[in-house]
1. Please grab the % of Cα pairs in the range 76-141 that end up more than 13 Å from each other.
2. Quick one: which of 25-31, 130-136, 110-116, 71-77 comes out on top by average Cβ neighbours within 10 Å, and what's the full order, highest first?
3. How large is ³J(HN,Hα), in whole Hz, for each residue of the range 82-96 in order, when computed from phi with the Karplus curve 6.51 cos²θ - 1.76 cosθ + 1.60 and θ = phi - 60°, using x for Gly and Pro?
4. Between rounded, prolate and oblate, where does the range 27-153 land on the alpha carbon gyration tensor, with a ≥ b ≥ c its root eigenvalues, rounded for a/c under 1.5, else prolate if a/b exceeds b/c?
5. Let's see if you can work this out: charge +1 on each Lys and Arg Cβ, -1 on each Asp and Glu Cβ, no other charges. What is the dipole magnitude of the range 9-150 about its Cα centre, in debye to the nearest 20?
6. When we measure straight from the Cα of LYS88, which lysines land under 26 angstrom away, once same-chain ones fewer than 8 places off are left out?
Amino acid sequence: MANRGPSYGLSREVQEKIEQKYDPDLEQRLVDWIVAQSGGNLEKPQPGKQNFQTWLMDGTILCRLINSLYPRGKEPIKKIPETQMAFKQMEKISQFLQAAEAYGVTTTDIFQTVDLWEGKDMAAVQRTLMALGSLAVTKDDGQYKGDRDWFHRKAQGYRREFTEEQLRQGQSLIGLQMGSNRGASQAGMTGYGMHRQIM
């Protein structure tokens, strides 16, 4: 962790707002899912944001999590080294983030490496893990392990099929947002440049 002194003023207010977004109940659900998804041989951390951060901080658990969402032999992270070097641990977190984005997590849902490493925004870490879990449940490819009620399913696209005749009919209609052309005629209209008769 970075050696920083206390923050004051606006910096402190911003940090407090970020910390208020952290959900302890969600933390427990995510820990349960990560343990179930990764094979169940992980030791759960004690409850608390600091313990959750320490548990995930070296990147090993995150890499194992993303690998467990793929069939054996197709894992995105081939080698997960056990190391105490800070830059290697941050590199593993970056690999997880790249693999999560490749899996389908939107860029706006992905946290930054420092959010986890320095504990700046653990709510963003939770948001990324929630998005990953929701995607895994939605894909329903047999790789998800754990309770399906832990995450909501993402909405699937609903494709509509129209015949050529239906498409042709739609081109001749004027949308109601543009008004209506029913009953319109040019009766009583005069040509351009002619004066109107006012009585």
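Each reported figure results from applying straightforward, stated rules to the coordinates on display, with no laboratory input. What you see is a predicted model, and the numbers here were worked out from it, not measured in a lab. Neighbour counts are summed over all protein chains in view; Cβ atoms, including those assigned to glycine, are modelled from backbone coordinates with ideal geometry.
1. Pairs farther apart than 13 Å: 64 percent.
2. Numbers: 25-31: 16.6, 130-136: 21.6, 110-116: 18.4, 71-77: 11.3.
The most tightly packed comes first, giving 130-136, 110-116, 25-31, 71-77.
3. After applying 6.51 cos²θ - 1.76 cosθ + 1.60, I find 8, 8, 9, 6, 4, 5, 5, 5, 5, 5, 5, 4, 4, 4, 4 Hz.
4. Note, shape of the range 27-153 comes out rounded.
5. On the way: 18 positive and 21 negative charges, 89 e Å.
Using Cβ point charges on Lys, Arg, Asp and Glu, the range 9-150 gives about 420 debye.
6. Straight-line reach from LYS88, under 26 Å: LYS44, LYS49, LYS74, LYS78, LYS79, LYS120.
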